[in-house]
Amino acid sequence: MTEHRVALEYGTGSVWGHIRARSTADIEAVVPEVDIYDTAPAWMGDGEIRSLREHAVYVSDDALQALMHRRVPAA
């Protein structure tokens, strides 16, 4: 399993997270709604990245729900 940075864009913003999966294809098969990124955006600091990793979810049928309902404290 590897970690993949993802974002769910909903028009006026995005929910960011990490998903643990074997591949990006596995993520796309379960949660095609998210965009997958290899690197963090320039505005995302180390504390935010660390927090996302601490709340990573495993790819599964409920991965999208887990991303939508998690809370990440401000760095």
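Derivation of every value follows stated rules applied to the coordinates shown; laboratory data play no part. Predicted model, so just to flag it, every value in this text is computed and none were measured. Cβ placement follows ideal geometry from the backbone for every residue including glycine, while neighbour counts extend to all protein chains displayed.
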- Item | Total residues in the stretch 1-22, condition within 15 Å of ALA56 (Cα to Cα) and either loosely packed, with under 13 Cβ neighbours inside 10 Å or under 10 Å from the mean Cα position of the chain (by Cα) (or both) | 15
- Task: Check whether at least one residue in the stretch 45-58 is part of a loop (DSSP other than H, G, I, E, B) and loosely packed, with under 14 Cβ neighbours inside 10 Å, and report yes or no.
- Result: yes
- Task: Of the conditions (1) part of a loop (DSSP other than H, G, I, E, B); (2) in contact with a Gly (Cβ under 8 Å, 6 or more places away or on another chain), GLU33 clears all except one; give me its number.
- Result: (2)
